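Below: one structure, written as structure tokens.
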Amino acid sequence: MNDKQILLIDDEETIQEVVQVGIEIEAGWQVAIASSGSEGIDLAQIHQPDAILLDVMMPDMDGISTLSRLKANVKTASIPVIFLTAKTQSTGKDQLKSLGVVDIITKPFNSVTLASQIAKILGWKM
Amino acid sequence: MRILLIDDDETLIDILTRTLQEKSYAVDVATDGEQGWVYGSTYNYDLIILDWSLPKLDGISLCQRFRASGHDTPIILLTSRDGSQNKIRGLNAGADDYISKPFDVDELTARIRALLRRLNCDFLPVLSWGDLQLDPCSYQVIYQGQVLLLAAKEYRLLELFLRHAQEVLSIEDIIESLWSSMEYPSNATVRSHIRHLRKKLCLAGLPKDIIITVRGQGYCLKPLSQNEHINDNSQITSNPPEPQLDKHAQHLAALTSIWEKHHPKRQQQLAQLQQAITSLKTGSLEVSDRISAIVTAHSLAGNLGQFGLHQGSRLAKDIEQSLQNDPSQEQWQTLNLKLTELSQEISKERDITPQINQTILANSPLLLIVSDNSQLNSQLTQAATHQGIKTEITASPELAKTWLQKQQDNHQKLPQTVIVNLSFADSQNALRQESLELISELKLFVPSIPVIVIGDRDNFQDRLLVARHGGSFYLSQPVNPKQIITLSLQAIQCSSLGKKIMVVDDDIELLQVLPTLLEPWKFQLTTLDDPRQFWDVLQAVTPDLLILDIEMPHLSGIELCKVLRTHPYWRKLPVLFLSIYSDLTISNQVFASGANDLVNKPIIPQQLASRIINHLND
């Protein structure tokens, strides 16, 4: 099960590194990183990752707009997306889920259990 | 290595592309001779695989055209035309090798390697950098005897750097070598792969800066130092490699390093907030600066929370909130106080490691140590932390009981395992008795908590006493703390938590009540009342253990078990039967069908759970 590839779309360098460390050490999956929504859409088309972790609050193109563009593109529409969101985010969990994400992971998250959390959401074996 | 495949057979293209990509080659495909000419004369390839029969321009003519125009890229000609005359024709046209269809893909890849080796003097069989070795034949990367697991792109990156050890490679160079011309990776993607590779090399014990960033130019391999040359030549016996750090220690070290790396950024963010507050004080805070400060405070709050600095995170959130509400000039003082407090919180954490450790251990298994030996406790705690296990220490059985009581009252986490340090040699009978009582109490928990007893002597009577009270393991001194923790880890892993149990029984009432009865053990139960759906559900659930009823309509449990045992994958799945009969004949039939156990109805939850756990741990 170490052949999974996750695409993380988050503008925060620290979060990028923490996610990468957590997933690679704990699950051995590859993590591709995009620092903006538009870069994420490009990488999703190229890499065809097994799942996308998408930050909701990003400058320029936020997570919700990025999600709608990913879902509108035939090449990326079927890739499962999990939102990463801060606890204090004004948009409710149910509201976010109704946009078509498989689930929501709240920041701060435990980097040790992040991979197993993703696996559980997506029904992957670890 | 980049290969151009010129062939019009889609099936072959599909097979070859996949195989070559698996072998870490970047592959471009052209489906006719003219397209092949355009690709081959435009891009640089390490090798061309060329089919003889092609639309527009045949392989022989294309091969001649390449050679006539000075292209010396090695060419392997593929053809269904057998016979030496055709082979000679192909080689005369300028091909370097010739392979007849149908061919074995492995033979083709072996020929590719052989051809590259033959034609390129620089193509060494094994590439190395000190003790780091990359074998292009086996696709294996080894450092000091340890095999490194690299993803395909990381492997190819490393191979590229090793092949061009003296050169600075730009991102464009890397893209051209590692990606096909149909792929357009961004610079960020390349950087991300380099970051992955660096990290894996670093975790294996190689220097952090083995791949150097040459600002404005690209990347290059660090020149080998004298020391590393010496190791390479094995003139001096090098120190044995450090044992590979366990996952927890790796994780902790990586997070600590991320925290430290971003120290300047945090200082900059604090300064930016200070600037915004100063502007607010003087009434000169522009909207754009306020928005920028909101983003900064948001970022700080998120990052501090991620590293477990919750108080700091809360303060940053407060500042973010206040700035969002367009604060009045008078509010600068409140904001300033919060910022000062925030700076203090951040500066408190000069050594973040314990804080991070606590954060990442938050969901870890808990081990209770009952011992008054402070040296042993400290060694056990250290060894446990390395395995990602949290510890709680109580100096006596009495204190342990009080602590356990508190955990239960507060519905907090109970330990998954308990270690009791017990003295049989000295005369403190009361203390020994208290310890044994504690062990008995832990056995009564639902589910019971395994106890590892560390005794000060090895004596059958002592073992018997511990076993009678329900102790799971008895270790006699001297014993290595690491061994004790390894045993604790095994005990934790044996826990029933999340184990998948599939139950097939036509008794719907039983199926309804079973999840409640077994709830304390936190199994993941799947129930099925129609045995005809057995096979589909089994494949979908992939249980860790199967419970079958004997008599069911359409198919009996015994039949299901027999079917199960015919399948190589399911041969070893533990199967437990439920029966209302205590008949010896039926019992024989059950075991003859391949069952592991037989439990009589009505079910006693504790007994069923114990039998399940026993078989799960077999």
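The values are calculated or read from the model by the stated rules, or taken from the named source; none is laboratory data. What you see is a predicted model; the values in this text were computed from it and never measured. Counting neighbours? That spans all protein chains shown, and the Cβs are built from the backbone with ideal geometry, glycine included.
Data overview
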item: The range B:574-618, subset modelled with pLDDT of 90 or more and assigned to a loop (DSSP other than H, G, I, E, B), residue farthest from the chain's Cα centre (by Cα); result: B:SER593
item: Pairs where the first residue, in the range B:255-277, is surrounded by fewer than 19 Cβ atoms within 10 Å (Cβ to Cβ) and the second is outside any helix (DSSP H, G or I), C-beta under 8 Å, 6+ apart; result: B:THR256/B:ILE352; B:GLU260/B:ILE352
item: Subset of the range A:41-57 [out of contact with any Lys or Arg (no Cβ under 7 Å at 6 or more places or on another chain) and either of a type in the set (Phe, Trp, Tyr) or more than 10 Å from chain B (Cβ to nearest Cβ) (or both)]; result: A:ALA44, A:GLN48, A:PRO49, A:ALA51, A:ILE52, A:LEU53, A:LEU54, A:VAL56
item: B:LEU300 being within 14 Å of chain A (Cβ to nearest Cβ), in a helix (DSSP H, G or I) and modelled with pLDDT under 90; result: no
item: Matching helices (runs of 4 or more DSSP H) fully within the range B:457-537 where at least 2 residues are among the acidic types (Asp, Glu), over 30 Å from B:VAL563 (Cα atoms) and at pLDDT 85 or above; result: none
item: Residue match in the range A:49-70 (condition: small (Gly, Ala, Ser) and within 27 Å of B:LEU178 (Cβ to Cβ)); result: yes
item: Whichever residue in the range B:25-47 is surrounded by fewer than 20 Cβ atoms within 10 Å (Cβ to Cβ) and closer than 20 Å to B:LEU115 by Cβ and, among such residues, is farthest from the chain's Cα centre (by Cα); result: B:TYR39
item: Of the criteria (1) assigned to a helix (DSSP H, G or I); (2) more than 13 Å from the chain's Cα centre (by Cα); (3) at the interface with chain B (Cβ under 9 Å from one of its Cβ atoms), which one A:GLN20 fails; result: (2)
item: Residue check for B:LEU252: under 22 Å from the mean Cα position of the chain (by Cα), at pLDDT 50 or above and either part of a loop (DSSP other than H, G, I, E, B) or surrounded by fewer than 11 Cβ atoms within 10 Å (Cβ to Cβ) (or both); result: no
item: Of residues in the range B:124-151 being of a type in the set (A, V, I, L, M, F, W, C) and surrounded by fewer than 18 Cβ atoms within 10 Å (Cβ to Cβ), the one nearest to A:PRO49 (Cα to Cα); result: B:LEU149
item: Hits in the range B:379-413 - residues which are assigned to a strand (DSSP E or B) and among the β-branched types (Val, Ile, Thr); result: B:THR391, B:ILE393, B:THR394
item: Residue count for the range B:161-188, restricted to those that are outside any helix (DSSP H, G or I) and within 14 Å of chain A (Cβ to nearest Cβ); result: 8
item: Extreme residue, farthest from the chain's Cα centre (by Cα), among residues of the range B:362-378 that are part of a loop (DSSP other than H, G, I, E, B) and free of Cβ contacts under 8 Å to residues at least 40 places away in the same chain; result: B:ALA362
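Residue-wise test of (1) more than 10 Å from chain B (Cβ to nearest Cβ); (2) part of a loop (DSSP other than H, G, I, E, B); (3) surrounded by 15 or more Cβ atoms within 10 Å (Cβ to Cβ); (4) at pLDDT 90 or above.
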| position | (1), (2), (3), (4) |
| --- | --- |
| A:LYS71 | yes, no, yes, yes |
| A:VAL74 | yes, yes, no, yes |
| A:ILE79 | yes, yes, yes, yes |
| A:PHE83 | yes, no, yes, yes |
| A:GLN89 | yes, yes, yes, no |
| A:ASP94 | yes, no, no, no |
| A:GLY100 | yes, yes, no, no |
| A:ILE104 | yes, no, yes, yes |
| A:ASN110 | no, yes, yes, no |
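Residues checked against (1) touching a residue at least 60 places away in the same chain (Cβ under 8 Å); (2) surrounded by 14 or more Cβ atoms within 10 Å (Cβ to Cβ); (3) over 19 Å from B:PRO531 (Cα atoms):
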residue: B:SER556; (1), (2), (3): no, yes, no
residue: B:GLU559; (1), (2), (3): no, yes, no
residue: B:HIS567; (1), (2), (3): no, no, no
residue: B:SER579; (1), (2), (3): no, yes, no
residue: B:ASN588; (1), (2), (3): no, no, yes
residue: B:ALA592; (1), (2), (3): no, no, yes
